[in-house]
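Below is one structure, written out as structure tokens, with a few remarks after it.
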Amino acid sequence: LFPLPVRGSEGLYMVNGPPSFTESAAFQRDSGKNCKAVAFSKDGSLFAWCSGEKVNIVNVTGPELLRSFHLPKAVCLEFSPRNNILATWQAYSTAKDGTAGLPNLLLHDVKTGKCLKSFIQKKMQNWCPCWADDESICARNVNNEVHFFENNDFNTITNKLHLQKVNDFVLSPGAQPTKVAVYVPGSKGAPSFVRLYQYPNFGGPQSALANKSFFKADKVTMLWNKKATAVLVIASTEVDKTGASYYGEQTLHYIATNGESAVVQLPKNGPIYDVVWSPNSVEFCAVYGFMPAKATVFNLKCDPVFDFGTGPRNAAFYSPHGHILVLAGFGNLRGQMEVWDVKNYKLISKPVASDSTYFAWCPDGEHIVTATCAPRLRVSNGYKIWHYTGSLLHSYEVPSGEEMWQVCWQPSLDGVFPVKAVKYQAVPSELPSAGPKPAQAYRPPALRNKPVTSTKLHEDEPPQNMRPQSGSSDKPLSKTALKNQRKHEAKKAAKQEAKADANQESTQSSAPQSAPRSAAPAISSGDPEVDKKIKNLRKKLKAIEQLKEQAAAGKQLEKNQLEKIQKETALLQELEDLELGL
């Protein structure tokens, strides 16, 4: 079940997946140390690798070599979605006399081995053409416009999407009609924008399905959901001009194919580390904010559904079926993982995979691989295979002096594995899954025999369900709505207080004459200036009354406070004169 290719200084070999974890006999080990890249086809049936001399394609189930291409400099490989084409890329180089070099992006027919088309593609970033899932459309970004080919005929450009400077584009997944998200960076004070089009309707801004413009974007990441109904856009600047963050500044935008768009309001300031769509296409999870980071699941209205509180995390991974979510802290964090049951929002397990640089779900939705790979980390290279309940099932570390560069699962098409009920009990394992002992904080000799006091810099916020409770029609409120609600509540409270004060004053006015004159009921003179003076005098007399009470309680008053009390008689006289003049 699900072999894992392992690529490193020991060569390239396949390991059988759960439950055996032995080296696969179906794949003959390539012991060369120059394996630059590996690739599976989308359905997992074909496997290709470049050995430093040749690019080879094999059938995963059998050891026979299907195709071999002499491409010693190839460093990138990718299959088209239906396995018809293998795309290869090598670094572009000009000829010695300065003339244009040879095409470096090649498209090979997998069945015949023939090279269908070659292009010059100078940048490694976004080197591979993008196909629709049925291969009816293929697209490339060429000199700031998107070229479209149909039915793998690369000799005819059937369509062009030309905007002033298309920087990036993403085709929608799934069935026809194919949609295209394009990003155009802002220039000369104009904002950047992302537009959604339906292929082949590219006739200007009016033909776009949706449009969202924004400032503060040096680069964007566009993420389609599985049903191709919406795109999430993470817009980021290289530099945060406020100086608050080393990572620059990020904002998260939501754009739907029905024309709706919104800025996703994130309750905590700081970087956006990761955003992932749930496979159900109606929810997404964002990990954001200065450490300890927050993680929140939002719905399509961009309202929070569940808040996981704060913790040491910078990545999120939904299982292939979308029923489990892993929040993890990799890279410069300790490798702590939280495995959550998404349906009930209950924590399943908290395994720790220290020094991990890679994480991937197995297509069965049960197993996980974590790995420490070079060049990100050059020591303790190896991989671990876990069950989501927290059990460590297999662990491998490369011998000293060797490196591991890549490990990955064999993919599988959706629907091959049925969804299984979520387990909470850890599955049995022969390996202890206890994480490393946390390093003890340094304690000076004078404190070593004394009890340890808590030295937590941050109190972590607990998880919180943001869904409205059954029976109540309250929706989770956005920032603006919460602000308005608080204002409304404050006004209501002020009104009630004023009412209570008025009642109190009316009872005091019916009391004997010894009660202070400031408690008299308000009478309007018809002159706003006079009313204002009366109001101010009453305010001063009320303050004097409070100072007298404080003095009676034994409080030492300041000089200016005592002077205020001495003015009481004069103020009462002034108030009486004003009221007599009414």
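The values are calculated or read from the model by the stated rules, or taken from the named source; none is laboratory data. Please read these numbers as outputs of a predicted model, since none were measured by experiment. Cβ sites come from the backbone with ideal geometry, for glycine too, and all protein chains shown count toward neighbours. Only protein heavy atoms, including side chains, enter the accessible area calculation; ligands, DNA and RNA are left aside. Shrake-Rupley method; radii C 1.70, N 1.55, O 1.52, S 1.80 Å.
I need the GluC sites (Glu not before Pro) found in segment 328-417, filtered to DSSP loop residues with at most 15 other beta carbons within 10 Å of theirs. Here the GluC sites (Glu not before Pro) that fit, given the DSSP loop and packing criteria, are Glu402. Normalised by 2.2 N^0.38 Å, where N counts its residues, the alpha-carbon radius of gyration of segment 129-228 equals 1.05.
Placing Trp405, Trp386 in order of accessible area, with the largest value first and a 1.4 Å probe, yields Trp405, Trp386. Here's the picture: a label point sits 7 Å out from the Cα of Phe417 along the beta-carbon direction, and within segment 306-349 the residues with their amide nitrogen under 20 Å of it are 316-328, 337-344, 348-349. Pairs spanning more than 20 Å between alpha-carbon atoms, out of Lys123/Lys227; Lys350/Lys450; Lys33/Lys73; Lys123/Lys226: Lys123/Lys227; Lys350/Lys450; Lys123/Lys226. How much length, in nm to one decimal, is gained on full extension between Val379 and Ile565, taken as 0.36 nm per residue of separation minus their Cα-Cα distance? Answer, rounded to one decimal: 59.2 nm.
For segment 129-228, the fraction of 1.4 Å probe accessible surface lying on carbon and sulfur atoms is 47 percent.
Working note: Cα gyration tensor of segment 347-427, eigenvalues times five, square-rooted, sorted largest first, giving semi-axes of 26, 16, 9 Å. Straight-line cross-link reach from Lys540 at under 13 Å between alpha-carbon atoms covers these aspartates and glutamates, not counting any fewer than eight positions away in the same chain: Glu563, Glu568, Glu574. The apolar share of the surface of segment 34-127, taken as the fraction of accessible area on carbon and sulfur atoms (1.4 Å probe, ligands and nucleic acids excluded), comes to 52 percent.
Once C-alpha pairs closer than 8 Å and six or more residues apart are averaged by separation and normalised to the residue number of segment 30-172, the relative contact order reads 13 percent. At a probe radius of 1.4 angstrom, the accessible area of segment 129-228 per residue rounds to 47 square angstrom. Measuring with a 1.4 angstrom probe and ignoring ligands and nucleic acids, Thr22 comes out at about 70 Å² accessible. Once the 1.4 Å probe is applied to the protein heavy atoms, segment 269-398 comes out at 32 Å² accessible per residue. Check each of the chymotrypsin sites (Phe, Trp or Tyr not before Pro) in segment 288-353 and keep only those in coil by DSSP with at most 15 other C-beta atoms within 10 angstrom; list them in order. Sites meeting the loop and neighbour criteria: Phe290. Applying both filters, DSSP loop and at most 12 other Cβ atoms within 10 Å, to the GluC sites (Glu not before Pro) of segment 179-264 gives Glu238.
Rolling a 1.4 angstrom probe over segment 302-394 with all protein chains present gives an accessible area of which 51% lies on carbon and sulfur atoms. In terms of Cα atoms, the Rg and Dmax of segment 34-127 work out to 13.5, 48 Å. Listed by chain and number, the aspartates and glutamates placed with their C-alpha closer than 18 angstrom to that of Lys384 are Glu10, Glu23, Glu338, Asp355, Asp364, Glu366, Glu397, Glu402, Glu403, Glu430; residues fewer than eight positions away on the same chain are left out. Take Ala426, project a point 7 Å from its Cα along the Cβ direction, then tell me which residues of segment 310-353 have their backbone nitrogen under 15 Å from it. It comes to 337-339, 348-353, nothing else. This model, with +1 at the C-beta of Lys and Arg and -1 at the C-beta of Asp and Glu, gives segment 314-371 a dipole about its Cα centre of some 180 debye.
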